[in-house]
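As structure tokens, the structure follows; a few thoughts come after it.
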Amino acid sequence: MHFTTKLPSSAAQALPLIRTLTLITIAGAAIASRLFSVVRFESIIHEFDPWFNFRATKYLVSHDFYSFLDWFDDRTWYPLGRVTGGTLYPGLMVTSALIFHGLKALTLPVDIRNICVMLAPVFSGLTAYATYLFTCEMKDQSAGLLAAAFIGIAPGYISRSVAGSYDNEAIAIFLLMFTFYLWIKALKLGSAFFGALTALFYFYMVAAWGGYVFITNIIPLHALVLVVMGRYSSRLYVAYSSWYALGTLASMQIPFVGFLPIRSSEHMGALGVFGLLQLVAFASYVRARVPSKHFKVLVTVSATSLLALGLAGVVGLTLSGVIAPWTGRFYSLWDTGYAKIHIPIIASVSEHQPTAWPSFFFDTFMLIWLFPAGVYIIFQELRDEHLFVIIYGILASYFAGVMVRLMLTLTPIVCVCGAVALSNILDIYTNLEKPLETDDEDKTKKEEDQSVLRLGSMSKKPLIGVFSNWSRAFVLGSFTIYLFLFVQHCTWVTSNAYSSPSVVLASQLPDGSQHIIDDFREAYYWLRKNTPEDAKIMSWWDYGYQIGGMADRTTLVDNNTWNNTHIATVGKAMSSREEVSYPILRKHDVDYILVIFGGLLGYSGDDINKFLWMVRIAEGIWPDEVRERDFFTARGEYRVDQEATSTMKNSLMYKMSYYRFTDVFGRQPALDRVRNQRIPSAITDPSVKPISLNTVDEAFTSENWIVRIYKVKDLDDFGRDHAIANAFEEGKRKTAGGRSRSAPVGGLSKGKARVLRE
Amino acid sequence: MAVQLLRTTLLLAIVCISYVSAISVSGSRVLVVLDPSLKQEDYAVFLSDLDSRGLDLSIKSANDPHLGLFEFGERTYDHVFLTQPPTQKALGPNLLAKPLLDFAKAGGNIVIVLNSNEHALASVREFAVQLDVVLPFRDTKLVDHFMYDEQASPLLHDALILDPQTLLAPHIVAAPEDVAAKLYYPGGSAFALGNNPLIVPVLAAPETAYIYDPAEETLSSDSPFATGKQAFLVASLQTRSNSRITFVASNLLFSDEAFSKPNSFNRAFATELTKWTFSEKSVLKLESVSHRLLEDTNTTENPSIYRVKNDIAYEVSLSQFEDGSWFPYTADDVQLEFTMLDPYYRLTLSPTHKTSTAQFYATTFTAPDQHGMFSFVLEYFRPGLTFIKDKRVVTVRHFGHNEFARSFAIPNAWPYVSSIVVVAGAWVVFVGLWLFTGENSAKKTV
């Protein structure tokens, strides 16, 4: 079945060199394909979370490690603050800081921003190497090289590791694969040394990403399956025990993890399997000394009683609160509707939504259909380590189906299995050896004609293989085309879908040239330059990290959603009438409010589209004061035009979004280009009252109106109600400025609106 | 060199003189808007009193074309004393409600004196409404059939004699020590007050008084505009930025005639009321605020960060402006709040030492066991006194990882510490035994 190709000795000597060169080339390709965003835009940190990581890294670089560990961040979650040093995974920041200091020691001073931007691409090269090692353990080096090439450019992984995507996942996937490789190695060799190395990298993984729980559960599951299948060995015992004991102790050193490994339900599986292995080891020791008849009775009695005892213990401890019950995030993995009902804050994040089917193909292309073939081939051999791949494949496919972001954990195993399948095909079809003389020539001929690969019964060892050059050429040729298409698809997806920094938007002008929409940075820099350094900015939590990172101002809530009530408070302030919101704003010392509005440009990720989540989250805390139903029309539609409900029209968010919006259009209908609805305009329809804001003043609106910033007014100097004071001021203004209605400002904005519409 | 020294001394002297001679903290330029129909001679005593206090009076008619409260965006006066001309005349564009409000916003003080015979002008009314002062209807009179002045109005009963002991705001006008003193109210109407919390009533009508429209046929009215203590003759308002505005219901209160009546308190009343309104008295100032760690006095003052359970010392000093100079202000009700959303502490500060100009107050407390951004909030809002508000945000951080007591310093932890030592020791012993005694048997089995 297995054809061994004998190479001349000089070629055999050259193989390691070729392999190394190939790996280096793969790493180079992996890095290069992640640089689209740097080439297109600039060396900039992307999206939301990376901005926090970047800010934390800057803090670590400018302070020492201990003050980073004890960092109390007074620029976020005003006025609660955040014990940032104890609530983050420091692995990413420490890695970049070490690189920074290392390069500095080599007299290569590199800006910390560039290190952060380039970290993910560099680590993707390492991931390719780790995947190579892992796949080598599964099959052979040719499969390893294929897997490395796949993971290097697979869009599912690139989506999280382009240059500038400075997030935990950037280094975590490398750690994941390398930890798995070490585990397989430890299991194969039964080596405590490799077990300890596994624990070491497990520790690094715990320090880097919350997804370490995946390792915490998949290795015990692997061990359990091995035990249940009767494949218990002392190698397993040594590997698992050394990993678990050292790894758990090490993971508890991360302040954010703390005592979770012995107190939370997510970690109980690993502990249980650890206990089970001790029992199994003890049982196998006893078996060697006790007659088998007695042993059977002993095992059944002790196993059942221990099982009952253990279960009762876990249930009892959970009920008494010593072991934390499953968290909501965990439940939402099993029941996709759970989060929407119970924890809207999790459901409101788009990357927590269930995955759409096409995205499997989009993110892995042809590997998604090679994946089952690879699993099948691995099933054929089914060594201990192969079980690991099967378990990993099944779990990851399930989780990837539940949550979009977990596509990331599926991608490596898809690459491994795809590589195994493809390398198997290549093994067979590139074997140029002619069949030797055998007893059963007829059968061989028959199969040769049909060009069928059959894995027949092994008893007679029939010679099977593909010996027709035509079929070889056909299969190899088609796979070459597939591989070309794969590379093309990956490049296309990377360049078009995953390389946008989302801080800067790009659009195409009619002549095909690129037009950069830089409203976010414009607004953040406005805040930075024009507001006092201790100004407090309220915005929806999505923009908290960016305000902290780019505007360097204190925020009320940010993307670290640790306090649901505080977020609900912001939601309530946004979704209530001004009279209700104002006391909340005062109580939290809010100086400025920032809203994102895409109605003028057609930017769909704006606050009005997120508004229902604000309402829902606020409703979760104040069901009597905020009701989602009030924001829908009688027919159950979510509208912003004249049919919008009065609750909607009077909410602070609506008013701040559409304040003076109709002025831009003059006598033309004011069209919201995101929702395709016409905003009632006082200019065209005299019966409409223009939106007036009493408690806030418009402070800044960016070029394309994407970011609007409002300043919260102080209490009235004369003790008046804001509405009365505003009415007085406006009444005066009307009589004073009545003649200059058609001021040049109006004409200018009209012209601008026309340009935008074209 | 000597010239320079001389110049410096001279400059210093000028500064000192101007400082000492400052009659009011906000300045001494007073605009007196006095209509020619109200004869200046009738108020000679009052005006000379103002002048003798060192105020710089410019008496102008309301329709003076050069009258303007602002020039190039700057206030041209520090105070406005506004009397109301007869009904037919308007106050002119510079004295509309909006410029007056802007003037107060810019730190100016205003006295509005209504005319005893005329109803309030539209612009004055609009200004009053913004402050929640409701001026009476046209041609109404305040009458009291029990406390009227028998000589001045034997028939209408609209000239009243009030007891100054009933004055409502001691920080604005304190009641005279002389119990026999009388406050003459020679006629006019009264106004009502809304719910504006910034308004401080100074003088209310007697309980038996009511507002009466002489045009009505009967002597009584079914629904009078205001009755008894609901009707006010003088009321003041201090804005949040500490500008002062006073409404007086009748110009006759300040007339020479009222001043010259027997046992009249009117002159002193007018002096005190204008002193208060022109920021010549009852002005407080926060001289200094400091907070620091209690234990070591060497630490920098006003640090921006504390730790939970730190002992914190807080100290402020307050001064009061009276008769042209600053004195220590002593009180026993100055409070500090240490807040994060809600107050965690509300402490009354105790007076400690004083300097020639300031009284110091201090307190100490232990930071709560809750991290976050806390504020030292000092809010001293007393009717008639300058509003003192000071808010300083500090960070209260959690314990650092190396700030907890070490395990061997906690007696309760000794069992655990000793068990660790025992296990580690036992392991070393076990390894030793394993290595040195198991050698032979291992060899044997192999």
Run down B:S375, B:S407 and say which single residue is closer than 30 Å to A:S67 by Cβ and touching a helix residue (DSSP H, G or I) at 6+ places or on another chain (Cβ under 6 Å).
B:S407
Is it the case, given these coordinates, that A:F52 is within 25 Å of the chain's Cα centre (by Cα), crowded, with 18+ Cβ neighbours inside 10 Å and within 14 Å of another protein chain (Cβ to nearest Cβ)?
no
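Any chance the range A:224-239 includes a residue that's among the hydroxyl-bearing types (S, T, Y), crowded, with 23+ Cβ neighbours inside 10 Å and in contact with a Leu (Cβ under 9 Å, 6 or more places away or on another chain)? First the steps, then the outcome.
Of all residues in the range A:224-239, those among the hydroxyl-bearing types (S, T, Y) come to A:232-234, A:237.
With the extra rule that they be crowded, with 23+ Cβ neighbours inside 10 Å, the set shrinks to none.
No, the range A:224-239 contains no residue that is among the hydroxyl-bearing types (S, T, Y), crowded, with 23+ Cβ neighbours inside 10 Å and in contact with a Leu (Cβ under 9 Å, 6 or more places away or on another chain).
Among the residues of the range A:253-278, count how many are hydrophobic (A, V, I, L, M, F, W, C) and surrounded by fewer than 17 Cβ atoms within 10 Å (Cβ to Cβ). Lay out the reasoning, then the answer.
In the first step, residues of the range A:253-278 are kept if they are hydrophobic (A, V, I, L, M, F, W, C); the result is A:254, A:256-257, A:259-260, A:262, A:268, A:270-271, A:273-274, A:276-277.
Restricting the remaining residues to those that are surrounded by fewer than 17 Cβ atoms within 10 Å (Cβ to Cβ) gives A:256, A:259, A:262.
Number satisfying all stated conditions: 3.
B:A215 - would you say it is surrounded by fewer than 21 Cβ atoms within 10 Å (Cβ to Cβ), under 22 Å from the mean Cα position of the chain (by Cα), in the same structural domain as B:L131 (by TED's automatic domain parsing) and assigned to a loop (DSSP other than H, G, I, E, B)? Steps first, please.
Numbers: surrounded by fewer than 21 Cβ atoms within 10 Å (Cβ to Cβ): yes; under 22 Å from the mean Cα position of the chain (by Cα): no; in the same structural domain as B:L131 (by TED's automatic domain parsing): yes; assigned to a loop (DSSP other than H, G, I, E, B): yes.
Against the criterion (surrounded by fewer than 21 Cβ atoms within 10 Å (Cβ to Cβ), under 22 Å from the mean Cα position of the chain (by Cα), in the same structural domain as B:L131 (by TED's automatic domain parsing) and assigned to a loop (DSSP other than H, G, I, E, B)), B:A215 does not qualify.
Test B:T386 against the stated conditions and say whether it is part of a strand (DSSP E or B), more than 13 Å from chain A (Cβ to nearest Cβ) and not hydrophobic (A, V, I, L, M, F, W, C). Explain how you work it out, then say what you get.
Working: part of a strand (DSSP E or B): no; more than 13 Å from chain A (Cβ to nearest Cβ): yes; not hydrophobic (A, V, I, L, M, F, W, C): yes.
So B:T386 does not fit the description; no.
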Being on the phi > 0 side of the Ramachandran plot and crowded, with 23+ Cβ neighbours inside 10 Å: is that true of A:W77 here?
yes
Scanning the range A:554-613 residue by residue, those under 24 Å from A:D74 (Cβ atoms), surrounded by fewer than 24 Cβ atoms within 10 Å (Cβ to Cβ) and small (G, A, S) turn out to be A:A568
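So which of A:A143, A:A120, A:A147 ends up being farther than 11 Å from A:A419 by Cβ and buried (at least 24 other Cβ atoms within 10 Å of the Cβ)?
Values: A:A143 fails: farther than 11 Å from A:A419 by Cβ; A:A147 fails: farther than 11 Å from A:A419 by Cβ.
Exactly one of A:A143, A:A120, A:A147 is farther than 11 Å from A:A419 by Cβ and buried (at least 24 other Cβ atoms within 10 Å of the Cβ), namely A:A120.
Inside the range B:72-96, can you point out the residues that are within 20 Å of the chain's Cα centre (by Cα) and either in a loop (DSSP other than H, G, I, E, B) or within 14 Å of another protein chain (Cβ to nearest Cβ) (or both)? First the steps, then the outcome.
Of all residues in the range B:72-96, those within 20 Å of the chain's Cα centre (by Cα) come to B:78-80.
Scanning the range B:72-96 gives a single hit, B:D78.
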Strands (runs of 3 or more DSSP E) completely within the range B:327-375 that count 1 or more residues being closer than 23 Å to B:H398 by Cα
B:335-340, B:342-348, B:359-366
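Could you say whether any residue in the range A:594-604 is assigned to a helix (DSSP H, G or I) and away from every other protein chain (no Cβ under 14 Å)?
Here is the first cut: in the range A:594-604, the ones assigned to a helix (DSSP H, G or I) are none.
Checking the range A:594-604: not a single residue is assigned to a helix (DSSP H, G or I) and away from every other protein chain (no Cβ under 14 Å).
Picking from A:N704, A:N694, A:N676, which residue would you name as being within 24 Å of A:V615 (Cβ to Cβ) and either buried (at least 16 other Cβ atoms within 10 Å of the Cβ) or among the β-branched types (V, I, T) (or both)?
Result: A:N694 is the single residue among A:N704, A:N694, A:N676 that is within 24 Å of A:V615 (Cβ to Cβ) and either buried (at least 16 other Cβ atoms within 10 Å of the Cβ) or among the β-branched types (V, I, T) (or both).
Regarding A:V273, is this residue aliphatic (A, V, I, L, M), over 30 Å from A:W562 (Cα atoms) and not assigned by TED's automatic domain parsing to the domain that holds A:F611?
On the way: aliphatic (A, V, I, L, M): yes; over 30 Å from A:W562 (Cα atoms): yes; not assigned by TED's automatic domain parsing to the domain that holds A:F611: yes.
Here the answer is yes, as A:V273 does meet what is asked.
For the range A:657-668, state whether one or more residues are out of contact with any strand residue (DSSP E or B) (no Cβ under 9 Å at 6 or more places or on another chain), within 24 Å of A:S604 (Cβ to Cβ) and surrounded by fewer than 19 Cβ atoms within 10 Å (Cβ to Cβ).
If we filter the range A:657-668 for residues that are out of contact with any strand residue (DSSP E or B) (no Cβ under 9 Å at 6 or more places or on another chain), which is where we start, we get A:666-668.
Filter once more, keeping what is within 24 Å of A:S604 (Cβ to Cβ): A:668.
Retained after the next criterion (residues that are surrounded by fewer than 19 Cβ atoms within 10 Å (Cβ to Cβ)): A:668.
For the range A:657-668, residues out of contact with any strand residue (DSSP E or B) (no Cβ under 9 Å at 6 or more places or on another chain), within 24 Å of A:S604 (Cβ to Cβ) and surrounded by fewer than 19 Cβ atoms within 10 Å (Cβ to Cβ): present.
So if I check each of B:V133, B:V179, B:V143, which one is within 14 Å of another protein chain (Cβ to nearest Cβ) and not hydroxyl-bearing (S, T, Y)? Give the derivation first.
Numbers: B:V179 fails: within 14 Å of another protein chain (Cβ to nearest Cβ); B:V143 fails: within 14 Å of another protein chain (Cβ to nearest Cβ).
Just one listed residue meets the conditions, B:V133.
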Got at least one residue in the range B:394-414 being free of Cβ contacts under 8 Å to residues at least 60 places away in the same chain, under 51 Å from the mean Cα position of the chain (by Cα), surrounded by fewer than 16 Cβ atoms within 10 Å (Cβ to Cβ) and under 22 Å from B:E301 (Cβ atoms)?
no
Among the residues in the range B:333-352, are any under 22 Å from the mean Cα position of the chain (by Cα), of a type in the set (F, W, Y) and either away from chain A (no Cβ under 14 Å) or more than 29 Å from B:G372 (Cβ to Cβ) (or both)?
no
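Residue-wise test of (1) assigned by TED's automatic domain parsing to the domain that holds B:A190; (2) of a type in the set (K, R); (3) out of contact with any strand residue (DSSP E or B) (no Cβ under 7 Å at 6 or more places or on another chain); (4) closer than 22 Å to B:Q238 by Cβ.
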{"position": "B:I59", "(1), (2), (3), (4)": "yes, no, no, no"}
{"position": "B:D64", "(1), (2), (3), (4)": "yes, no, yes, no"}
{"position": "B:T76", "(1), (2), (3), (4)": "yes, no, no, no"}
{"position": "B:L82", "(1), (2), (3), (4)": "yes, no, no, yes"}
{"position": "B:A90", "(1), (2), (3), (4)": "yes, no, yes, no"}
{"position": "B:K98", "(1), (2), (3), (4)": "yes, yes, yes, yes"}
{"position": "B:F103", "(1), (2), (3), (4)": "yes, no, no, yes"}
{"position": "B:I110", "(1), (2), (3), (4)": "yes, no, no, yes"}
{"position": "B:V113", "(1), (2), (3), (4)": "yes, no, no, yes"}
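Can you list the helices (runs of 4 or more DSSP H) lying wholly within the range A:316-429 that have 1 or more residues being β-branched (V, I, T)? Steps first, please.
Numbers: elements: A:328-334, A:338-342, A:344-347, A:357-364, A:367-381, A:384-402, A:407-429.
Ranges flagged: A:338-342, A:344-347, A:357-364, A:367-381, A:384-402, A:407-429.
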Within the range A:501-553, considering residues that are in contact with a Leu (Cβ under 8 Å, 6 or more places away or on another chain), within 14 Å of another protein chain (Cβ to nearest Cβ) and assigned to a loop (DSSP other than H, G, I, E, B), the one surrounded by the fewest Cβ atoms within 10 Å (Cβ to Cβ)
A:A535
Any chance A:E628 is over 30 Å from the mean Cα position of the chain (by Cα), free of Cβ contacts under 8 Å to residues at least 60 places away in the same chain, surrounded by fewer than 22 Cβ atoms within 10 Å (Cβ to Cβ) and farther than 20 Å from A:S502 by Cβ
no
So, in the range B:393-410, exactly how many residues are within 7 Å of another protein chain (Cβ to nearest Cβ) and charged (D, E, K, R)?
1
Among the residues of the range B:265-291, how many are more than 13 Å from the chain's Cα centre (by Cα) and not in a helix (DSSP H, G or I)?
8
Residue check: is B:D178 surrounded by fewer than 16 Cβ atoms within 10 Å (Cβ to Cβ) and at pLDDT 85 or above?
yes
Being part of a loop (DSSP other than H, G, I, E, B) and at pLDDT 85 or above is the filter; apply it to the range B:97-130 and report the residue that is farthest from the other protein chains (Cβ to nearest Cβ).
B:L114
Odd one out for B:Q238, checked against (1) more than 14 Å from chain A (Cβ to nearest Cβ); (2) closer than 23 Å to B:P383 by Cα; (3) not small (G, A, S)
(1)
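Taking the condition surrounded by fewer than 21 Cβ atoms within 10 Å (Cβ to Cβ) and within 27 Å of the chain's Cα centre (by Cα), does A:Y59 pass? Working first, answer last.
Details: surrounded by fewer than 21 Cβ atoms within 10 Å (Cβ to Cβ): yes; within 27 Å of the chain's Cα centre (by Cα): yes.
Taking the combined requirement at face value, the residue satisfies it.
The values are calculated or read from the model by the stated rules, or taken from the named source; none is laboratory data. What you see is a predicted model, and the numbers here were worked out from it, not measured in a lab. Ideal geometry is used to build each Cβ from the backbone, glycine not excepted, and the neighbour counts take in all protein chains shown.
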